[in-house]
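Everything on this sheet refers to the single structure shown next.
Just so it is clear, none of the values below were taken in a lab; they were calculated from the coordinates. Note that this is a predicted model, so its numbers are computed, not measured. A quick note on method: Cβ atoms are made from the backbone with ideal geometry, for glycine too, and the neighbour counts reach across all protein chains shown.
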Amino acid sequence: MLKIEAIRHSLAHTMAYAVQELSPEVKFGIGPATESGFYYDFDLPLSLTPEDLPKIETKMKQLIKQDIRFEKRVITKEEAKKIFKNQLYKLELVEELTEKKVTVYKSGKFVDLCKGPHVKSTKEIPVDSFKLTKIAGAYWRGSERNQMLTRIYGTAFKTKKELNDFLLREKEAEQRDHRLLGQKLDLFLFDEEIGAGLPIWMPKGAVLRKIIENFLYQELTKQGYEWLWSPHIGNLNLWKKSGHWDFYKENLYSPIKIDNEQYLLKPMNCPFHVKVYNSKIRSYKELPVYLAELGTVYRYERSGVLHGLTRVRGFTQDDAHVICTPDQIVREIEKLVKYGLDILKTFGFKNYDIYLATRPSKYTGSLKDWQKAENSLKYVLKKLKLKYQADPGGGVFYGPKIDIKIKDALDRPWQCTTIQFDFNLPERFKMVYINQKGEKRKPYMIHRALLGSIERFIGVLLEHYAGALPLWLAPEQVWVIPIGSRHEKYAKEIGEKLKTSELRVQVKDENETVSKKIREGEIQKIPYLLVVGDKEIKSKSVRVRSKNKDLGIMKLTKFTEGVKTGIEKKK
């Protein structure tokens, strides 16, 4: 049976061949297979629009029906230079190859620099199970200093049914796109004058953030965490000492000069937490020490990879560090894993994949520490009977880690919780504690993030719930809608009573029809709409609507009790 990767890769070449037939002056970039299809980058004399995709697709199907063979050839670099003499991007790739021999594939009149794999002939490509999906811009080799090319994406499967199922899921994903929902629900905005990748939170969005942050503050405080607040910049020497400047320089912003010294927008909160720990002598009796912060950090991301809230340049992490003795690490890891899964469940994420990332080839710290840390992580996962996948060599240079990837309503994975050992900072900052014998010993430091980036997590939440957030998270929980102007006084009385019960309420007394207000409330995903008129005033009640359904007339006390119970249960 043909591997789908070979079919997708062959379709990328077929698409390039079709574009060449339609536009002979085209210059070719690269065209790999992807997880669900393929793409190819082109330098074209004319701009393409989505309306051009059916024409390219039709041409591809014509080529597929011609039973064109994919012929593999191994040639010298000099031969390759002659073949691609008019293809500057391919020529650049050939020049950089260190091998003496070069592999190319020829299919009809199209020749590509490629190692394969491919199908033997286009007749092996199912003609009705692929589709070109979109056009985007892509810098050559991912660098903003290079030419912007036109990237055409396609998707492909073995059968037409698989393709149709995928397209339905994609359509659902588009409707759940948090960027569109954020705009429609008036939660956040991006503005070019403010800067790319820097979201501004609107009033409702700020409320949503505050709800999540308050929840974390209350829960972590119960767990014994002490809260910190660190500055947005730090002296460059701090980041050199921590190693961030040397290891992550390409992801950091340029230093700024203040009083003849250089400062850096902080990319991590960790060094500040270490400084707090080191601010006094620590006894073994004090350990473990729990330090937490909702700290905003700044990292450089190329404009091409920025994506709404899920990929930004400034974001807030729910950072925490557990600093403990060697004999405490198993207990602390177990607490972190169990607590992390409980928190994710509270937000509605019950499905997840767990990964255990182990020591890479280049690492800091002793081999003994790495082995102890990895064994501790494995022991906890097995003790808790949690299925996990090994990620050999996937740990960061300063320690092994557990990653928890939640799955949303469309079964898409999202990285959230991380439990990460750090052997780097304790060594660089000479962290110690005094043991039972009065000796100085180096503690273990565990970095953990429950939600990761608050911005990213909110983006995932919006897509998971398609904007209809649970009652306890909804920025506006209740709208009170008077039928006419003579009912506004009663509506405001209802609103005030609900506010005294600490509900987030809006009285919608604008000069609009009731049906329009109800429709707007449903669009805004308001959990409860309370309509009041003569009948409701007379019976001292409210008519309740929720999730596009009329739940009938209800006494205000009964409604309030039900809502408060739902909030307490995090529904």
- Quote to one decimal, in nm, the extra length available between Asn237 and Arg311 on full extension: 0.36 nm per residue of separation minus the C-alpha distance between them. 23.9 nm
- Task: Can you tell me the FRET efficiency between Glu488 and Lys570 if r is taken as the Cβ-Cβ distance and R0 is 30 Å, rounded to the nearest 0.05?
- Result: 0.35
- Ranked by Cβ crowding within 10 angstrom, fewest neighbours first, how are Ser366, Ser453, Ser230 ordered? Ser366, Ser230, Ser453
- Message: Longer than 18 Å from Cα to Cα, which of Lys59/Lys123; Lys65/Lys109; Lys222/Lys275 are they? Say none if no pair is.
- Response: Lys222/Lys275
- Message: Need one number: nm distance between label points at Glu170 and Asn351, each 7 Å from Cα along Cα→Cβ, rounded to one decimal.
- Response: 2.1 nm
- Task: Name the aspartates and glutamates eligible as straight-distance cross-link partners of Lys538: C-alpha to C-alpha under 16 Å, and not fewer than 8 places from it in the same chain.
- Result: Glu488, Glu493
- Item | Lys/Arg +1, Asp/Glu -1 at C-beta; the chain dipole; positive extreme among Val505, Tyr217, Leu238 | Tyr217
- Pair Glu79, Ile523: separation of 7 Å Cα→Cβ label points (nm): 6.4 nm
- Distribution output for the chain: share of Cα-Cα pairs per 20 Å bin in percent, first bin at 0, values 17, 39, 35, 9, 0
- Message: In the range 394-416, whose amide N lies under 18 Å from the spot 7 Å out along Cα-to-Cβ of Lys387? List them in ranges.
- Response: 403-414
- Query: How much length is gained if the chain between Phe397 and Glu261 is pulled fully straight, taking 0.36 nm per residue apart and subtracting their Cα-Cα distance, in nm to one decimal?
  - Reply: 46.0 nm
- Item | Greater than 21 Å apart at Cα, pairs in Lys161/Lys184; Lys120/Lys158; Lys540/Lys570; Lys3/Lys160 | Lys161/Lys184; Lys540/Lys570
- Between Met202 and residues 5 or more places away or on another chain, the pairs with built amide H atoms under 5 Å apart involve Phe188, Leu189
- Query: Can you list the aspartates and glutamates whose alpha carbon is less than 16 Å from that of Lys564, not counting same-chain residues fewer than 8 positions off?
  - Reply: Glu476, Glu496, Glu502
- Task: Kindly list the residues of the range 317-344 that lie in the label zone of Lys372, defined by a backbone N under 12 Å from the point 7 Å along the Cα-to-C-beta vector.
- Result: 324-330
- Helix-only mean residue ellipticity at 222 nm for the chain, each DSSP H run of n ≥ 4 adding -39500 (n - 2.57), per residue, nearest 500: -11000 deg cm²/dmol
- Message: Full-extension gain between Lys362 and Gln415, please, as 0.36 nm times their residue separation minus the C-alpha to C-alpha distance.
- Response: 16.7 nm
- Note on the structure: In debye to the nearest 20, the charge dipole size for the chain, taken about the Cα centre with +1 at each Lys and Arg Cβ and -1 at each Asp and Glu Cβ, equals 1540 debye
- Item | Rough spin-label spacing in nm, given labels placed 7 Å along Cα→Cβ, for Ile281 and Ala136 | 5.7 nm
- Message: Based only on other Cβ atoms within 10 Å, what is the fewest-to-most ordering of Ile7, Ile75?
- Response: Ile75, Ile7
- Message: Please enumerate, by chain and number, the aspartates and glutamates with C-alpha under 18 Å from the C-alpha of Lys489, excluding those fewer than 8 residues away in the same chain.
- Response: Asp509, Glu510, Glu512, Asp534, Glu536
